[in-house]
Amino acid sequence: MQRYDYLIVGAGMVAANAVQGIRERDADGTIGILGAEPNGPVTRPALSKKLWTDPEFGYDKIWMQPEQHAATTLHTDTRVTAIDRQRRTVTTDGGDTYGYGKLLLATGGAPVTLDLPRSERVRYFRTVEDYDCLRRLADQGLHVAVVGGSYIGTELAAALIQNGCRVTLIHPEDVLGGALFPPSVADRFHRAYLDAGVTLLGGRKVSGGREADGKVTLALDDGASLEADAAVFGLGVEPCVALAEEAGLATDGGILVDDRLTTADAAIFAAGDVATYPDRILGRWHAEHVDNANRMGQTVGRIMAGSDETYDHTPYFYSNVFDFAWKAVGRMDSSLEIVEDPGPQPDQGIYYYLDDGRVVGVLLLNVDADRLDEAREVLADKAPQRAETLVGRIAMS
């Protein structure tokens, strides 16, 4: 049995950042990374963004290689199936056993799927393999149905229409982005897709489908159907918590950790998409975004290697499609009260989401990222707010 001082389950962005954090404090401790996918860590957001829209961003730039070190070993195509907390070991589906001094669960999330098998023409988008497959389809100029109106679905629809595909986007809101954005922003967002040539099927969901004779037929919840050459799904992800639950660790929308990213077992940590943690501003929080993966990964690595710090970063999330570049902190829910601070340009603005008079989310539309700290300060202010106290509070540039 091979034993590591630090064992990481999951070979994504959190793992690469955790290795960096560990090495900041421990230059020689042995590190093992066990990843279920066939490749090492990648910059996952590029799979639905830059690789499609930035010709100078080459495929080689997506790879995140953990620091090359004789004491760091990456095991790919390795799925962990059980944790023995007493023996401090994990077992893989191949029957191998690895021991640990400290264990990091960075298992991420798995795409939500329907009763339609994954194939070359049906993808539940998440991995490099999914990108490679979708790129091959795009190069043929096919009709692709994109299912889902949130981050991945809207990004992929924009990417595909800009790369020669005919695109139909099926989404549950009447107006694309209507569940997240203020009505004025959602209207402009919706119109951007129509102007680009995307066919929008709003207010509908996919209930099932079938693949035959090189076509994918999707069944819609209103009784209609749609035939396309391929279908790609962006229905969100579910945190991969089964391994932790089977080991007796508590979960609540993710693996529960404290402000030092530690589970109820002092030798086991969790970080990234799979962790639910106490955010210093937002309270109990779960974040499935790159900023959290980077910052939390580095922090948990240092903590595992002996740092006495806590995780005190409130992460942001973002998306870039067409001429919409938006960033947000906290909750985006269009059913909340929203105060709008319009910018000097018609496509610019800051939007405050209020719950019972208190700001719980801030959306920055085409506003510089260096204003995010100011947005966090607004969120940290628990005093009741109104338009008069918010408009002009954050500078546009």
Could we say that V112 is crowded, with 20+ Cβ neighbours inside 10 Å and at pLDDT 95 or above here?
no
Matching residues, segment 52-92, being surrounded by 13 or more Cβ atoms within 10 Å (Cβ to Cβ), at pLDDT below 90 and under 17 Å from G10 (Cβ atoms):
W63, M64, P66
Taking segment 117-133 only, how many residues are of a type outside the set (S, T, Y) and in contact with a strand residue (DSSP E or B) (Cβ under 7 Å, 6 or more places away or on another chain)?
9
Taking the condition within 30 Å of V321 (Cβ to Cβ) and assigned to a strand (DSSP E or B), does A82 pass?
no
Filter result for the condition that a residue is closer than 19 Å to D323 by Cβ, at pLDDT 95 or above and surrounded by 12 or more Cβ atoms within 10 Å (Cβ to Cβ), over L354, L379, L365:
L365
Going by the conditions given, is R302 more than 20 Å from the chain's Cα centre (by Cα), surrounded by 17 or more Cβ atoms within 10 Å (Cβ to Cβ) and in a loop (DSSP other than H, G, I, E, B)?
no
Conditions first: (1) over 30 Å from K382 (Cβ atoms); (2) buried (at least 22 other Cβ atoms within 10 Å of the Cβ). I255 passes all but one, so which condition is the exception?
(1)
Condition met for G164 (surrounded by fewer than 19 Cβ atoms within 10 Å (Cβ to Cβ) and touching a residue at least 40 places away in the same chain (Cβ under 8 Å))
no
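The values are calculated or read from the model by the stated rules, or taken from the named source; none is laboratory data. The structure displayed is predicted, hence computed values, not measured ones. Reconstructed Cβ throughout: ideal geometry from the backbone, glycine too, with neighbour counts over all protein chains shown.
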